[in-house]
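Enquirer: One structure, pasted below without further comment.
The values are calculated or read from the model by the stated rules, or taken from the named source; none is laboratory data. In this text, all values refer to a predicted model and were calculated from it rather than measured experimentally. Using ideal geometry, Cβ is built from the backbone for each residue, glycine included, and neighbour counts are taken over all protein chains shown.
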C-alpha cells in the first residue's frame, strides 16, 4: 500500500512537471511567434515608408495671393506632401500626411494619413483635405525627426552659380515648398527607439525649376 502511494506521488509529480514544462514551452513559442510577427510587420512598413518617400511628387499649387509654390509642408515631426506611390491607391497619386503622435506611455507612433488625387483636386494651398485613409506604421518610438536639405528660396537657388560667395543648399528642420517656392533635394527621417536609430535618407528631384517655371511670371524669371 505504501509502495502504491509512493508510485502515485511520483507519477503525479512527473505529470505536474510535464504540464508545467509544456506550459512554459508553449508560452515561449507563442512569445517568439509574436515577436517574429512584429519584426516582420515593421520590416514591411520600413519598405513601404521608403517607397512613399522615394516617390515624392513636386506638385505645384497656388497660394491665396496667386503665388505658385510646391505642395510640401515639412515640420520637425510631420510632413504634408504628394507621393506617386502611396499605400491606399494603386491608380492615383496620394496626398498624405506623416505625423508623430504621442501616446499614453510617453512614446510616439508614426501615423500615415492619405487621400487619393483621383478623389481630390488640389488647386490652392489653403484648401483643406479630409484624409479618408489612415494607418499606424510604427509604435513605441522615443523620438521622430524630419530634416530637409535644399534652398531657402527659388531666387537663392537661381543665384547658386553666380560666383564664389553664392548661396549653398543646407539642412532645415522646417521647410515650406509654398513659401520657399522650392522643393527639397533630400529628406531625412530618423526614428529613435531604445538608444538606437534608423535613418531614411531620400534623394529627391533636384531640377525643381522645370516644374515651377511655367507658373512664374517673366519678371521673376
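Enquirer: Here are some residues: 98, 87. Which one is in a loop (DSSP other than H, G, I, E, B), crowded, with 17+ Cβ neighbours inside 10 Å and under 15 Å from the mean Cα position of the chain (by Cα)?
Expert: Unique residue meeting the criteria: 87.
Enquirer: Does region 153-168 include one or more residues that are surrounded by 15 or more Cβ atoms within 10 Å (Cβ to Cβ), at pLDDT 90 or above and either under 22 Å from the mean Cα position of the chain (by Cα) or over 30 Å from residue 40 (Cα atoms) (or both)?
Expert: No, region 153-168 contains no residue that is surrounded by 15 or more Cβ atoms within 10 Å (Cβ to Cβ), at pLDDT 90 or above and either under 22 Å from the mean Cα position of the chain (by Cα) or over 30 Å from residue 40 (Cα atoms) (or both).
Enquirer: Every residue in region 55-80 that is surrounded by 16 or more Cβ atoms within 10 Å (Cβ to Cβ) and without any contact (Cβ under 8 Å) to a residue 60 or more places away in the chain, please.
Expert: Of everything in region 55-80, those that are surrounded by 16 or more Cβ atoms within 10 Å (Cβ to Cβ) and without any contact (Cβ under 8 Å) to a residue 60 or more places away in the chain turn out to be 55, 57, 80.
Enquirer: Could I ask something else about it? Name the residue that is farthest from residue 84 (Cα to Cα), counting only residues in region 103-126 that are touching a residue at least 40 places away in the same chain (Cβ under 8 Å) and part of a loop (DSSP other than H, G, I, E, B).
Expert: Looking at the filtered set, the residue picked out is 126.
Enquirer: If you go through region 184-212 one residue at a time, how many are exposed (fewer than 13 other Cβ atoms within 10 Å of the Cβ) and more than 27 Å from residue 77 (Cβ to Cβ)?
Expert: 2
Enquirer: Ok, one more. Would you mention how many residues in region 55-84 are part of a strand (DSSP E or B) and under 17 Å from the mean Cα position of the chain (by Cα)?
Expert: 9
Enquirer: Filter region 82-97 for residues that are touching a residue at least 24 places away in the same chain (Cβ under 8 Å) and touching a helix residue (DSSP H, G or I) at 6+ places or on another chain (Cβ under 8 Å) and give the result.
Expert: 82, 83, 85, 86, 87, 89, 91, 92, 93, 95, 96
Enquirer: Can you find, within region 127-151, the residue that is surrounded by the fewest Cβ atoms within 10 Å (Cβ to Cβ) among those that are out of contact with any helix residue (DSSP H, G or I) (no Cβ under 6 Å at 6 or more places or on another chain) and not in a strand (DSSP E or B)?
Expert: If we take residues in region 127-151 being out of contact with any helix residue (DSSP H, G or I) (no Cβ under 6 Å at 6 or more places or on another chain) and not in a strand (DSSP E or B), then 128 is surrounded by the fewest Cβ atoms within 10 Å (Cβ to Cβ).
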